[in-house]
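Each reported figure results from applying straightforward, stated rules to the coordinates on display, with no laboratory input. Small disclaimer: the values here were computed from a predicted structure and weren't measured. Virtual Cβ from ideal backbone geometry, glycine too; neighbours counted across all protein chains shown.
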Amino acid sequence: MTRIAVTGRTGQVVSALIERAAATGVDILPIGRPEFDLENAAAGLNAIAALAPDLVISAAAYTGVDKAESEAERAFAANRDGPAALAGLTARLGIPIIHISTDYVFDGRKAGPDLDSDAPGPLGVYGRSKLAGEQAVQAANPDHAILRTAWVYSPFRANFLRTMLRLGAERSLVRVVDDQIGAPTSALDMADAILRVAANLRAHRADSRMRGVFHLTGSGWGSWADFAEHIFASASARGRPPVAVERIPTSQYPTPAHRPANSRLDTSRIRAVHGVEMPQWRPSATQVVDRLLAGDNSEISQGGRA
């Protein structure tokens, strides 16, 4: 059985990996506080090594996009220094590392989707810290795959889809930004893709094409308002009252950190190299809505952009 250590105990990606790996012959070993603290990663490396993993997934991160503007030291400790320590450990163990990154490494000003090879240009502290983490992983362990994703949602933890379901139960009208474009990405679909990349990295140790930076998002694009409308339509099909979406510009929803207006990522490389074809985002989002509402989930909590 393949043993994969994953940083973070309860995040969206690790929760999805645990669920999806159950029938694949892969043993997911989540590790987090107190044994492993991403902001002091060097102190927890022995705990990861003791798991004797065949591969490590660096999934945990400091994700407070707005808070990072006033907590730069914490953001860089978690998003740069933590992955650097993990990559160094995996290099010493002679095993691959998969590092999860973000669309925030780009400024969102490109007219079309960003390619894996495009020059990054983050707008804020969070994006700069995540880019520094990518660079640290690349420098510490050549046996890596960096997977940039965007707009992650799932049945787990706080995220945009769960927030919309909560708001839709309270209001008949929700105001949602309409001038930021991206690809909503199911953590469950991500987990399937990550497991495939992990298998490829282990099976093709000498193939340099398998290594490097790849983009991994749901197929198709839309705005946050499009995403919200689809969530409400899916919920309405399950008997929820209809909810209208008022489309607003970003200027009417100011935040401390600037968001990329264009978060579209070109996923052709991961499809060509790893054979990963991500599902269209709308059916995947409907599946998560159906799952949450079928379970009469009373704990749909506030969430935000991943």
How would you rank Ser172, Ser58, Ser101, going from fewest to most other Cβ atoms within 10 Å of each one's own Cβ? Ser172, Ser101, Ser58
Correct choice for percent of Cα pairs over 29 Å apart that was computed from the model, options (i) 32; (ii) 25; (iii) 47: (i)
Given Cα pairs under 8 Å that are at least 6 residues apart, what percent is the relative contact order of the chain? 22
Taking θ = phi - 60°, what integer Hz values does the Karplus form 6.51 cos²θ - 1.76 cosθ + 1.60 yield along segment 248-262, in sequence order, with x for Gly and Pro? 10, x, 4, 4, 8, 9, x, 9, x, 9, 6, 9, x, 6, 10
Note to self, the chain gives a 222 nm [θ] from helices alone (DSSP H runs n ≥ 4, -39500 (n - 2.57) apiece, / all residues, nearest 500) of -11000 deg cm²/dmol
Of Gly295, Gly168, Gly11, which is the most mobile in a GNM of the chain whose springs link Cα atoms less than 10 angstrom apart? Gly295
Inter-site label distance for Leu115 and Ser223 at 7 Å from Cα along Cβ, in nm: 2.9
Burial ordering of Glu170, Glu71, Glu134, fewest other beta-carbon atoms within 10 Å first: Glu170, Glu71, Glu134
Suppose each label sits 7 Å from its Cα in the direction of the beta carbon; what would the Arg166-Arg3 distance come out to in nanometres? 3.8
Which angle between 0 and 90 degrees, to the nearest 10, do you get for helix 82-93 versus the longest principal axis of the chain when only C-alpha atoms count? 40
Skipping prolines and chain starts, which residues have an amide H placed within reach, meaning under 5 Å, of the one on Thr2, given they are 5 or more residues away or on another chain? Asp27
Quick one: order Thr149, Thr250, Thr217, Thr63 by neighbouring beta-carbon count within 10 Å, fewest to most. Thr250, Thr63, Thr149, Thr217
The set of residues whose placed amide H lies less than 5 Å from the amide H of Val276, leaving out same-chain residues fewer than 5 positions away, is Arg271
Hey, how many Å between the Cα centroid of segment 62-119 and the Cα centroid of segment 248-275? 15
If you take the beta carbon distance between Asp207 and Arg33 as r and set R0 to 35 Å, what does 1/(1 + (r/R0)^6) give as a FRET efficiency, to the nearest 0.05? 0.45
Compute the long axis of helix 224-237 from its Cα atoms, compare it with the longest principal axis of the Cα atoms of the chain, and write down the angle in degrees, 0 to 90, nearest 10. 70
Say R0 is 22 Å: what FRET efficiency, to the nearest 0.05, do Asp266 and Ala139 get from their beta-carbon distance? 0.35
Running a GNM on the chain with Cα contacts under 10 Å, which residue among Leu38, Leu201, Leu51 ends up with the highest mean-square fluctuation? Leu51
Backbone N under 16 Å from the Ala72 label point (7 Å along Cα→Cβ), restricted to segment 128-156: 128-133
Spelling it out for His99: with amide H atoms placed in the peptide plane at 1.01 Å from N, the residues 5 or more places away or on another chain with amide H under 5 Å from its amide H are Ser58, Ala145, Ile146, Leu147
Cα-based helix-to-principal-axis angle, 187-203 vs the chain, degrees rounded to 10: 20
Expected max-MSF residue from Ala198, Ala139, Ala84 in the GNM of the chain (alpha carbon, under 10 Å) is Ala139
